[in-house]
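Chemist: Sharing a structure, written as structure tokens. Questions coming.
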Amino acid sequence: MSVLMPLLLRGLPGLTQKLLELCAPIDSKLPWEQLGATDVTTGLTSCFLCLFLSSGWVLSHLETYKK
């Protein structure tokens, strides 16, 4: 957390301060096993299908939505 966060939250009720005390610090560690080419390909393909296919559908049917 930032050094300024306690200063910014000083005026808020005690509940917010208790929530900050309950949060565990996040540690970044190396993964147990490396991602393979299949995993990366599957992830990129699913991102492509979810993001670009849906926005492409909306853009191709824009004239219909305007009516």
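Chemist: For the stretch 8-32, how many residues are surrounded by 10 or more Cβ atoms within 10 Å (Cβ to Cβ) and either modelled with pLDDT of 90 or more or out of contact with any helix residue (DSSP H, G or I) (no Cβ under 6 Å at 6 or more places or on another chain) (or both)?
Modeler: 5
Chemist: Scanning for something more than 20 Å from the chain's Cα centre (by Cα), open to solvent by 80 Å² or more (accessible area, probe 1.4 Å), modelled with pLDDT under 70 and among the acidic types (Asp, Glu), does the stretch 33-43 turn up at least one residue?
Modeler: No: zero hits.
The values are calculated or read from the model by the stated rules, or taken from the named source; none is laboratory data. This is a predicted model, so every value here is computed, not measured. For neighbour counting, all protein chains shown are included, and Cβ atoms are generated from backbone atoms with ideal geometry for every residue, glycine included. For the accessible areas, the whole protein counts, side chains as well, though only heavy atoms, and no ligand, DNA or RNA atoms are used. Shrake-Rupley method; radii C 1.70, N 1.55, O 1.52, S 1.80 Å.
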